[in-house]
Amino acid sequence: MTQPEREPSSVHRTIDAVWRLESPRIIAAVARLVNDLGLAEELAQDALVAALEQWPGSGVPDNPGAWLMVVAKRRAVDLIRRERRLERKIAELGHELETEGDDADLETALDPERIEDDLLRLVFTACHPVLSTPARVALTLRTLGGLTTDEIARAFLTSESTVAQRIVRAKRTLAQAGVPFEVPAGPERAARLASVLEVIYLIFNEGYAATAGDEWIRADLCREALRLGRVLAELAPEEAEVHGLVALMEIQASRMRARTGPSGEPVPLLEQDRGRWDRLLIHRGFASLLRARALGGPPGPYVLQAAIAACHAQAATAEDTDWVQIVGLYELLARTAPSPVVELNRAVAVGMAFGPERGLAIVDALVDEPSLKNYHLLPSVRGDLLARLGRTAEAAAEFTRAAALTRNAPERRLLHRRAAELAERPG
């Protein structure tokens with residue numbers, strides 16, 4: 001053990017840092033023992049409370065993560081004993097944790113192979129399709145990200161009580177549905193993996209272009225999604241779509257510094273200073289994309305989107321962008337994962353590659369699409385195409401409509417400005 005800390009506040013800061021880093025592994029390991037995610041988090045919290053009580057006086061252990069892991073596991077064994085469940089497991093676990101000394105506990109508590117298996121189980125459980133999308137997001141950020149309910153609430157501009165209720169209901173739903181704490185196999189694995197990737201990308205997108213509020217970018221959410229994606233890539237190295245998602249997020253994140261102006265206003269992709277793009281993140285994204293392609297098989301939606309992002313990253317200037325190749329990739333994406341949003345993005349690429357008339361024809365076919373009725377990017381894209389055709393009055397009206405639909409303040413100001421600039425032109 002280290003020498004006792006003189007400043008309790010210093011110990012508390014250390015505990016906070018250790019908990020943020022180690023809590024996913026601890027919750028995952030305990031959940032394997034008790035097969036109940038909610039109960040596992042409670043037992044892990046018990047270990048945290050024990051640290052808060054003991055470490056200010058005794059000092060921070062040399063291996064604080066292992067200390068927390070051992071305490072949480074012992075609490076799990078005690079609970080199993082009290083409830084007289086899983087008698088064979090009780091005997092095995094009790095013997096393991098009682099006959100070995102503390103040093104052995106610390107050496108075995110963080111066994112890398114077992115922790116990786118447990119973490120993968122936790123990922124698939126927290127993102128189970130039986131849960132609503134908001135519940136999956138909240139539970140993932142809580143159990144895998146180590147975020148507090150207050151941090152999650154602030155990130156998604158909702159109340160702490162709402163987030164807390166989502167997490168409580170999610171745990172209850174998993175328990176009532178009897179969701180096993182396991183990694184699915186066979187055909188179910190692909191469907192469950194898609195749910196996991198969807199949650200991680202939703203977290204990233206909320207950070208990359210916030211749906212509401214006074215900030216255009218929430219970098220902390222992007223970083224958390226990237227961290228989760230990288231962890232998942234280590235846990236499931238043979239899944240091409242995992243590497244595809246990581247590649248997509250890395251390349252998109254490379255533009256972060258260039259995506260806002262001096263006052264925090266959004267800067268569109270084609271107007272960004274590409275010298276401010278992060279070349280290291282681009283390199284990492286390309287490496288992940290190559291890993292995905294090396295696994296073979298037809299490219300999935302995330303691999304295709306990463307390839308599109310790579311086309312932008314390879315262009316030294318906006319004028320150098322290979323829009324024809326991007327159109328081809330969007331056509332593949334439309335066949336692989338058809339959706340109105342993909343079609344809208346294809347319209348942008350077609351408009352850039354073959355002229356605004358052809359892009360506008362695709363957009364006009366989407367005007368009556370119910371799922372895009374309140375989607376502000378539909379009139380925004382249409383306004384841009386109309387402006388390029390010289391139909392300035394119509395374009396201004398579209399930008400005004402888009403501004404009314406968005407809930408993000410910086411984006412609304414940008415759209416109003418574009419509408420005002422067009423209204424001043426003859427057309």
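When Lys and Arg each count +1 and Asp and Glu each count -1, what net charge do the other residues less than 10 Å away from Arg154, Cβ to Cβ, add up to?
Values: positive: Arg218; negative: Asp150, Glu151, Glu160, Asp220.
Result for the local shell: -3.
Kindly provide the GluC sites (Glu not before Pro) of segment 324-387 that DSSP labels as loop, not H, G, I, E or B, and whose Cβ sees at most 13 other Cβ atoms within 10 Å.
Numbers: sites: Glu331, Glu343, Glu357; in loops: none.
For GluC sites (Glu not before Pro) across segment 324-387 that sit outside H, G, I, E and B with at most 13 neighbouring Cβ atoms in 10 Å, the list is empty.
Check Thr260: other-chain or 5+ apart residues with amide H under 5 Å from its amide H, H built from backbone geometry?
Val267
Considering only Ile251, Ala349, Val60, whose Cα is most displaced toward the positive end of the charge dipole of the chain, charges sitting on Cβ of Lys, Arg (+1) and Asp, Glu (-1)?
Of the candidates, Ala349 comes out farthest on the positive side.
Among residues other than Gly297 whose Cβ falls under 12 Å from its Cβ, what is the net charge (Lys/Arg +1, Asp/Glu -1)?
Spelling it out: positives minus negatives among the neighbours equals -2.
What dipole magnitude, in Debye to the nearest 20, does the chain give about its Cα centre under +1 on Lys/Arg Cβ and -1 on Asp/Glu Cβ?
Computed about the Cα centre, the dipole is about 1160 debye.
Between Arg279 and Asn374, what is the label-to-label distance in nm when each label sits 7 Å out along the Cα-to-Cβ direction?
The answer from the label model is 4.5 nm.
Could you give each residue of segment 265-282 its phi-based ³J(HN,Hα) in whole Hz, using Karplus coefficients 6.51, -1.76, 1.60 with θ = phi - 60°, and x for Gly or Pro?
6, x, 10, x, 3, 6, 9, 6, 7, 6, x, 8, 5, 7, 5, 5, 5, 4
Work out the charge dipole of the chain with +1 on the Cβ of Lys and Arg and -1 on the Cβ of Asp and Glu about the Cα centre, then indicate which of Ile152, Thr211, Ala175 is farthest towards its positive end.
Thr211
Which entry in [x] 24.9, 86; [y] 20.5, 69; [z] 22.9, 91 is this structure's computed Rg and Dmax of the Cα atoms in Å?
Correct label is [x].
Summing +1 for each Lys or Arg and -1 for each Asp or Glu, what net charge is found among the other residues whose Cβ lies under 13 Å from the Cβ of Ile282?
Here the charged neighbours net out to +4.
FYI, it's all coordinate maths here, none of it is from the lab. None of the values given here were measured: they were computed from a predicted structure. No Cβ is skipped: glycine too gets one built from the backbone with ideal geometry, and neighbour counts run over all protein chains shown.
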